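Chemist: Okay, handing you the structure first.
The values are calculated or read from the model by the stated rules, or taken from the named source; none is laboratory data. Remember, it's a predicted structure, so these values are computed and weren't measured experimentally. Cβ: placed from backbone, ideal geometry, glycine included. Neighbour counts: every protein chain shown. Areas reflect the complete protein model, heavy atoms only, side chains present, ligands, DNA and RNA absent. Shrake-Rupley method; radii C 1.70, N 1.55, O 1.52, S 1.80 Å.
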Amino acid sequence: MSNCQIVKLIMALIIVIIALALVFDFINGFHDAANSIATVVSTKVLTPFQAVLWAAVFNFVAFFIFKDHGVANTVAKTVKSDVVTGHAGLIIVLSGLVAAIAWNLLTWWFGIPSSSSHTLIGGFAGAAVAYGGLGAINSDPIIKTAVFIIVAPLVGMLMAFIISLWFLLSFRKDALPRIVSTTIMALVVFLLYTNLTFDRDILAKGTHYKSYFWQVFFYSKNFKWILLALILTVFAMFTFWLNTLNAHKSNVWFKRLQLISSAAFSIGHGGNDAQKVMGIIMAALVASNPARYSLEHMEWWVPLACYSAIGLGTMSGGWKIIKTMGTRITKVTPFEGVAAETAGAITLFVTEALKIPVSTTHTITGSIMGVGATKRLSAVRWGVTINLLWAWILTIPISALLAAGIFTIARLF
C-alpha cells in the first residue's frame with residue numbers, strides 16, 4: 001500500500017471515528033436522559049417534554065463551565081500512547097466505540113440504566129488488550145474507574161441521606177435547624193475559599209476579563225465551585241423558614257427548588273459524560289498525527305461538538321429507563337427529588353474536579369436510594385437495585401470482550 005493510500009485510509013478512519021463518537025454521545029444523551037429528569041418527571045414538576053428540554057439546555061451549558069477537561073484526559077490515557085498510534089491505534093479506538101454503542105443500545109432497549117462511561121472505557125481497554133495484551137493499558141485510570149463503580153453510588157447515597165435529614169430537621173420549630181443551616185453555610189464558605197484560585201497570573205491567563213473580581217468569578221475551576229456553593233446557599237436560606245410552611249406550601253416550594261437541583265445535576269451530567277467522548281476523539285487524532293495533535297491541548301471544536309451531541313441526545317429522551325429510575329427503585333416526592341439531584345450534582349462536580357470518570361447513572365441511582373432509606377430501608381426496592389448492580393459490574397468486562405472480538409475481526413481487513 002502506497003503512502004498516499006495509507007493517508008487516505010487514516011483520514012477515512014478518523015472521519016468514521018469522529019462520526020461514531022458523536023453518535024455515541026447522542027446515544028449517551030438519550031440513554032442517560034433519565035438520570036437528569038426521572039425524578040423531576042415522576043414528581044410531576046415538569047412534563048416529559050419540558051423535562052428533556054430543560055436537561056438538554058443545561059447539558060450544553062456545561063460547555064461554558066467545564067474548561068479544564070481533566071476527565072477527557074484521563075479517558076484518553078486509558079490505553080498507553082505508544083499503543084494508540086497509526087492504523088492499528090485507530091482500529092483500537094473504532095472497535096471500542098462500536099462495542100460501546102452496541103452495549104448502550106442493548107441496555108437501553110431492555111430499560112437497564114447501565115453506565116455509558118464504563119462501556120466506553122471498557123470497550124477502549126478491551127480492544128487495546130486484544131492488540132497488545134494487558135501491558136497495553138494504563139492500570140491507574142482502569143482501577144480508579146472500577147473503584148468508583150462502588151464509590152460513586154455510595155457517595156451519592158450518603159450525600160442524599162444527609163441532605164434529606166437536613167431538610168427533615170428544618171421542619172422543627174426550635175433553634176437547632178437554624179444552627180445546623182448556619183453551620184452548613186459557614187462550611188460552604190470555608191470550602192469555597194480553600195478551593196478557589198486567587199493567583200493573578202493564573203487568572204489572567206485563564207480568563208479574558210480585566211477586572212480581578214470577574215477573573216476570580218469566571219475562572220473555570222472557580223466558577224464550578226461558586227455555582228455549587230450558590231445552590232447550597234439558596235437551599236440553606238430556604239431551610240430558615242421551612243418550618244413556617246404547611247405541607248402543601250412546602251411541597252410547592254420543593255417543586256420550584258427541584259428545577260434548580262435538576263439543572264445542577266444536568267450540568268454535572270454534561271460536564272462529566274461529554275468529556276469521555278472528547279478524550280476518545282483526541283486519542284484518535286493523536287494516533288493519526290502525533291506531530292500535530294497532543295492530549296495536553298484540546299482542539300476547540302471537539303468540546304463544542306460533544307456537548308451539542310449529548311444535549312441533542314437528551315432531547316430525544318429515554319422513556320424506558322425513566323420508568324426504572326423514577327418509579328421502580330423508590331417512590332420519589334419533590335422533597336426527595338431535590339435531595340437526590342443535589343447529592344448527585346455534588347458527587348459529579350467533585351469527581352470531575354478529581355479527574356475521575358464516574359457514571360451519572362450510578363450516582364443518581366445511589367442518591368435515589370439514599371433518600372428512600374431516610375423513610376425506612378424497606379422503602380427501597382433492593383431487588384431492583386441488586387439487578388442494577390449486576391448490570392454495572394458486568395458492563396466493563398462485557399464491553400471489553402465485545403470490543404476485543406470486533407478488533408480481532410476488523411484487523412483482518
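Chemist: Give me the pairs: first residue in segment 187-209 and more than 20 Å from ALA229 (Cα to Cα) and open to solvent by 70 Å² or more (accessible area, probe 1.4 Å), second residue outside any helix (DSSP H, G or I) and not hydrophobic (A, V, I, L, M, F, W, C), beta-carbon distance under 7 Å, and six or more apart or on different chains, which are they?
Modeler: Close Cβ pairs satisfying both conditions: none exist.
Chemist: Output the number of residues of segment 5-26 satisfying the condition of being surrounded by 12 or more Cβ atoms within 10 Å (Cβ to Cβ) and either among the small types (Gly, Ala, Ser) or on the phi > 0 side of the Ramachandran plot (or both).
Modeler: 1
Chemist: When the residues of segment 1-32 are filtered to those that are modelled with pLDDT of 75 or more and charged (D, E, K, R), which remaining residue is nearest to ALA56 (Cα to Cα)?
Modeler: ASP25
Chemist: Follow-up question, since we're still on this one. So, of the residues in segment 71-106 that are modelled with pLDDT under 85 and not aliphatic (A, V, I, L, M), which turns out to be farthest from LYS224 (Cα to Cα)?
Modeler: Ranking the qualifying residues of segment 71-106, first place goes to HIS87.
Chemist: Would you mind finding the one in SER220, SER181 that is more than 21 Å from GLY270 (Cβ to Cβ) and small (Gly, Ala, Ser)?
Modeler: SER181
Chemist: I'm checking my understanding of the structure. Among residues of segment 363-397 that are among the β-branched types (Val, Ile, Thr) and in contact with a Leu (Cβ under 7 Å, 6 or more places away or on another chain), which one is modelled with the lowest pLDDT? Before the answer, list the steps.
Modeler: Kept after step one, since they are among the β-branched types (Val, Ile, Thr), are these residues of segment 363-397: 363-365, 368, 371, 374, 380, 384-386, 393, 395-396.
If we keep only those that are in contact with a Leu (Cβ under 7 Å, 6 or more places away or on another chain) too, we end up with 363, 365, 374.
Values: THR363: 84, THR365: 79, THR374: 74.
By that ranking, first place goes to THR374.
Chemist: Could you list, in sequence order, all residues of segment 241-262 that are closer than 30 Å to PHE198 by Cβ and either of a type in the set (A, V, I, L, M, F, W, C) or outside any helix (DSSP H, G or I) (or both)?
Modeler: Initially, segment 241-262 is screened for residues closer than 30 Å to PHE198 by Cβ, giving 260-261.
Answer for segment 241-262, where residues must be closer than 30 Å to PHE198 by Cβ and either of a type in the set (A, V, I, L, M, F, W, C) or outside any helix (DSSP H, G or I) (or both): just ILE260.
Chemist: Can you spot a residue in segment 164-179 that is aliphatic (A, V, I, L, M), touching a Ser or Thr at 6+ places or on another chain (Cβ under 8 Å), open to solvent by 30 Å² or more (accessible area, probe 1.4 Å) and in a helix (DSSP H, G or I)?
Modeler: In the first step, residues of segment 164-179 are kept if they are aliphatic (A, V, I, L, M); the result is 165, 168-169, 175-176, 179.
Now drop any that are not touching a Ser or Thr at 6+ places or on another chain (Cβ under 8 Å), which leaves 165, 168.
So of that shortlist, the ones also open to solvent by 30 Å² or more (accessible area, probe 1.4 Å) come out as 165, 168.
Add one more test, that the residue is in a helix (DSSP H, G or I), and what stays is 165, 168.
There is at least one residue in segment 164-179 that is aliphatic (A, V, I, L, M), touching a Ser or Thr at 6+ places or on another chain (Cβ under 8 Å), open to solvent by 30 Å² or more (accessible area, probe 1.4 Å) and in a helix (DSSP H, G or I).
Chemist: A follow-up question, please. Restricting to segment 126-140, give me the number of residues that are outside any helix (DSSP H, G or I) and farther than 15 Å from GLY89 by Cβ.
Modeler: 1
Chemist: Another question about this same structure. Can you run down the residue pairs with Cβ atoms below 9 Å, 6 or more apart or on separate chains, where the first is in segment 146-157 and over 15 Å from ALA345 (Cβ atoms) and in contact (Cβ under 8 Å) with a residue 12 or more places away in the chain and the partner is crowded, with 23+ Cβ neighbours inside 10 Å and among the small types (Gly, Ala, Ser)?
Modeler: Filtered contacts from segment 146-157: PHE148/SER359; ILE149/SER115; ILE149/SER359; LEU154/GLY366.
Chemist: Here are the criteria: (1) within 26 Å of ALA291 (Cα to Cα); (2) touching a residue at least 24 places away in the same chain (Cβ under 8 Å); (3) out of contact with any Asp or Glu (no Cβ under 7 Å at 6 or more places or on another chain). Tell me which single one ALA99 does not satisfy.
Modeler: Condition (1) is where ALA99 drops out.
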